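The values are calculated or read from the model by the stated rules, or taken from the named source; none is laboratory data. All values derive from a computational prediction rather than experimental measurement. Positions of Cβ are generated from backbone atoms using ideal geometry, with glycine treated the same way; all protein chains shown enter the neighbour counts. Surface areas here come from the heavy atoms of the whole protein model, side chains and all, with no ligands, DNA or RNA. Shrake-Rupley method; radii C 1.70, N 1.55, O 1.52, S 1.80 Å.
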Amino acid sequence: ISDDVESKTKWISNRVVDIFKYYGEEMPSVAILVGDDVNIQEMINIMLDQNILNSIPIEDCSENRESETKKCVRIFRLSDVKGMEFEVVFFYDIDKALEGQTMKMMRRYLYVGVSRATSHLAATFTQEEGNEEIIKYFDRTKRNWRIK
C-alpha cells in the first residue's frame with residue numbers, strides 16, 4: 001500500500017524476478033492488470049529504468065495486442081482480460097482501477113482478476129483508508145513474498 005509509483009513497480013519487479021528464478025526455464029505466464037487510466041508505456045519505462053527485470057521482457061498487451069514472446073511479463077487493462085488465464089497475476093493499484101464502480105461491478109472485476117491467477121496473486125493499493133471492501137479479500141498478514 002503506497003502512493004509511490006516507483007516503490008510499487010519496484011516491488012512487482014522484484015516479485016517477478018523471484019518467480020523467474022524459482023521456475024527457471026519452466027517460467028509461468030505473468031500478467032499485470034491495470035486500470036483504464038494507467039499509462040502503460042510510462043509504467044513499462046519506469047520498470048525498465050529500475051533495471052531490476054534484467055533481461056525479462058515486459059510488454060503492453062492492452063487493446064488486444066498479442067505478444068510473440070512466451071517468457072515475458074504482459075500488462076493488460078483489467079477490462080481486457082476476458083477468457084485469459086495466467087499462473088501469476090498482479091493487480092496494480094486495484095483501488096484506483098475500481099474507483100467509482102458499483103459494489104456489483106467491483107466484485108465482477110475482482111472475480112475476473114482472481115479467476116485468472118492459477119498459482120500466485122498479489123495487489124498494490126494507493127491507500128488503505130476507504131478501500132476496506134477490496135482489501136478484505138487479500139491476506140495482509142503476509143507482507144513477505146515466499147515461493148516454496
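Structure summary
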| item | result |
| --- | --- |
| Sulfur and carbon atoms: percent of accessible area, segment 35-148 [1.4 Å] | 44 |
| Of 107, 74, 15, the one that fluctuates the most in a GNM where the chain has Cα springs shorter than 10 Å | 107 |
| Restricting segment 39-144 to GluC sites (Glu not before Pro) in coil, as DSSP defines it, with at most 16 other Cβ within 10 Å | 63, 66, 68, 85, 99, 128, 129 |
| Candidates 94, 58, 135, ranked by Gaussian network fluctuation over the chain, Cα under 10 Å, top entry | 135 |
| Dimensions (Å) - the chain, Cα atoms, principal axes, largest first | 40, 34, 28 |
| Of 93, 80, 49, the one that fluctuates the most in a GNM where the chain has Cα springs shorter than 10 Å | 49 |
| Interchain or long-range residues, amide H under 5 Å from residue 71's placed H | none |
| Per-residue SASA entry for residue 69, accessible area with 1.4 Å probe, Å² rounded to 10 | 50 |
| Residue pairs, from the table 104/136; 10/82; 8/70; 70/96; 21/82, whose Cα atoms sit over 18 Å apart | 10/82; 8/70; 70/96; 21/82 |
| Mean residue ellipticity (222 nm) of the chain, computed from DSSP H runs ≥ 4 via -39,500 (n - 2.57), nearest 500 | -9500 deg cm²/dmol |
